[in-house]
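Visitor: The structure is given below, and queries will be raised subsequently.
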Amino acid sequence: MKWLVATVTETTPETASAVTIRLDVPDWPGHRAGQHVDVRLTAEDGYQAQRSYSIASPPGSDRLELTVVRIDDGEVSPYLASDLDVGDQIELRGPIGGYFVWDGDDDRPVLLTGGGSGVVPLVSMMRHHEAVDSKAPMRLVYSARTAGDVLYRDELANVHDVTITLTRDQSSEWDGRRGRVDNELLATAGWPPSEGPRCYVCGPDTFVEAVANILVDMGHDQTNVKTERFGPTGG
Amino acid sequence: MAIVNRGFKGRRSQAGAGLIPPGQYLVDDFPVLTAGPTQFTPLAEWDFTILDESGAAAGRWTWEEFQALPADDIIVDIHCVTKWSKLGTHWRGVSVDTLMEGVETSAEFVVAFSDGGYTTNLPLADVLDGQAWVAFGYDGEALESEHGGPARLLVPHLYFWKSAKWVRGLRLLNEDEPGFWEAVGYHNYGDPWREQRYWGD
């Protein structure tokens, strides 16, 4: 797969530690909602490092959008989230991953469950859903640490079927749900197994492991449960 | 010629330089990667089967029979296509050579199949001659479910998706047949030292 040169056209802070990078990629072949790219950075002496980032923009958009959360001791994310300016170029290749994708070609219900930055590919799916005016009922359950960590907060506030739960927020300003994603939350904010929903789970290892196990225990067919995991390491 | 990202320094002091393939970085933990939920097959229902190119069972072991086979202690470096590498991992497992001892075949390819429907394809030559194991122990303990227990394939010279978790058998084939990831964009062979991550690499 070829490395492509992408030019930054805009950077938008999402939270104190996350930024959405909008890119012009002249030879971009197009992607499916849920896919990711590999980004490669090269230092002046030729040293290189690569990491994978989920695509936030829906298929068919004229700019490729990545939302990068800065991991303070990470190798690549601090540069992407803090040092990139409009006009800078980075190398990337993709799209990668042909399994954790939602194409919107049928009306089966969809449950998206994201933890932390795992919400990024799910938001691509929601944006695709909107863009193609899909009739498939789609719900998002999104677990973030604090209110300040919620990505796409304004956009998600305008979508009906979104449940956000905070796991470490001590402030009194949040009047939404708190606590980890559990059986009860997935039963009320998701779909019953009898409806045969497509389930997409994305986030850190422990989050995905817990949520996927709950879904299977609830009776969801395991072939309907697709997972994508981000390790906390590296960044 | 690569674009130079001014101001990018990277982590030069990384231990293990020269021991990890291009594009990889070292981790100390053991990340988990799967396309679907973890599988939990009771040992009483577990078996391992080798199907020959006619589709006939050429070997089959229950968990007890499998445990009675001679096993190796294996210390290897592993490399995941998602870019982490882990050095000096300790495994215990049965060599595929041992499992193939009584099997007559002219097949050149093999597909490993797993609980949950996962498959991955390899040249038969890549799982013979001390290059592959069916591993059931990790770091002195039984292999945990989320890392592929009760048993997973271990083919450390290829990217780790070839080391199928929850493996239940090998299907011998005359013609190559792409597995789960190989059918959706990942490289058919997956040599980390040649950075064969995706189609066309």
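Visitor: Taking square-rooted eigenvalues a ≥ b ≥ c of the alpha carbon gyration tensor, is the stretch A:110-230 rounded, prolate or oblate, where a/c under 1.5 means rounded and, failing that, a/b exceeding b/c means prolate?
Guide: Oblate is the answer for the stretch A:110-230, as a/c is 1.5 or above yet b/c matches or exceeds a/b.
Visitor: Further question: What range in chain A is the longest one free of GluC sites (Glu not before Pro) that are in a loop by DSSP and have at most 16 other Cβ atoms within 10 angstrom?
Guide: Details: sites that count: A:Glu44, A:Glu173.
Formally, the longest exposed-site-free interval is A:45-172.
Visitor: Let me ask another. Quick check on chain A: of the DSSP beta bridges with both residues there, what percent are antiparallel, nearest 5%?
Guide: Values: 28 of 52 bridges.
Of those bridges, close to 55 percent are antiparallel.
Visitor: For labels at B:Val4 and A:Ser194 in the simple 7 Å Cα→Cβ model, what's the distance in nm?
Guide: Modelled inter-label distance: 6.6 nm.
Visitor: In addition: How much length is gained if the chain between A:Asp27 and A:Ser171 is pulled fully straight, taking 0.36 nm per residue apart and subtracting their Cα-Cα distance, in nm to one decimal?
Guide: On the way: separation 144, 0.36 × 144 = 51.84 nm, distance 4.60 nm.
47.2 nm is the gain from fully extending A:Asp27 to A:Ser171.
Visitor: Just to be sure I follow the definition: excluding the sites themselves, where is the longest run in chain B that has none of the GluC sites (Glu not before Pro) in a DSSP loop with at most 15 other Cβ atoms within 10 Å? Walk me through the intermediate numbers first.
Guide: Values: sites that count: B:Glu101, B:Glu104, B:Glu108, B:Glu144, B:Glu175.
In chain B, the maximal stretch lacking such sites is B:1-100.
Visitor: Could you please rank A:Lys226, B:Lys162, A:Lys135, placing first whichever residue has the fewest other Cβ atoms within 10 Å of its Cβ?
Guide: A:Lys135, A:Lys226, B:Lys162
Visitor: Counting only helical runs of four or more DSSP H residues, what would the 222 nm mean residue ellipticity of chain B come to if each run contributes -39,500 (n - 2.57) and the total is spread over all its residues?
Guide: Details: 2 runs with 10 residues, N = 201.
Counting only the DSSP helices, I get -1000 deg cm²/dmol.
Visitor: Based on the Cβ-Cβ distance from B:Ala57 to B:Arg11, what FRET efficiency comes out when R0 is 41 Å, to the nearest 0.05? List each step's numbers first, then the result.
Guide: On the way: r = 50 Å, r/R0 = 1.21.
FRET efficiency, B:Ala57 to B:Arg11: 0.25.
Visitor: Turning to a different aspect of this structure: Quick one: Cα centre-to-centre distance for the stretch A:23-50 and the stretch A:54-116, in angstrom?
Guide: Computed from Cα coordinates, the inter-centre distance equals 10 Å.
Visitor: Semi-axes, largest first, in whole Å: what does sqrt of 5 times each Cα gyration tensor eigenvalue give for the stretch B:45-194?
Guide: 21, 20, 14
Visitor: Go ahead and set up a Gaussian network model of chain A, Cα springs under 10 Å, then flag whichever of A:Asp133, A:Asp38, A:Asp205 fluctuates most.
Guide: Highest fluctuation of the listed residues: A:Asp133.
Visitor: A follow-up question, please. Over chain A, calculate the relative contact order: mean separation of alpha carbon pairs under 8 Å at least 6 apart, over the residue count, as a percent.
Guide: Details: 503 pairs, mean separation 46.5, N = 235.
Computed over chain A, the figure is 20 percent.
Visitor: Calculate I(q)/I(0) for the stretch B:111-181 by the Debye formula, one identical point scatterer on each C-alpha and no solvent, and give its log10 at q = 0.25, 0.28 Å⁻¹ to two decimals.
Guide: -1.17, -1.39
Visitor: For every other residue with a beta carbon closer than 10 angstrom to the beta carbon of A:Tyr200, add +1 if it is Lys or Arg and -1 if Asp or Glu, then tell me the sum. Kindly include the intermediate steps, with their values, before the conclusion.
Guide: Numbers: positive: A:Arg198, A:Lys226; negative: A:Glu228.
Around A:Tyr200, the surrounding residues sum to +1.
Visitor: Same structure again: In the P(r) worked out for the stretch A:11-151, what percent of Cα pairs fall beyond 20 Å?
Guide: Numbers: 4732 of 9870 pairs.
Cα-Cα pairs of the stretch A:11-151 separated by over 20 Å account for 48 percent.
Visitor: Listing A:Ser54, A:Ser77 from the residue with the fewest other Cβ atoms within 10 Å to the one with the most, what is the order? It would help to have the intermediate numbers written out before the result.
Guide: Values: A:Ser54 26, A:Ser77 23.
In increasing order of surrounding Cβ atoms, one gets A:Ser77, A:Ser54.
Visitor: How big is the protein assembly as shown along each principal axis, measuring the range of its Cα positions in Å and listing the largest first?
Guide: 65, 56, 39
Values in this text are rule-based calculations from the coordinates and carry no lab data. Every value quoted in this text rests on a predicted model; they were computed, and no experiment measured them. Counting neighbours? That spans all protein chains shown, and the Cβs are built from the backbone with ideal geometry, glycine included.
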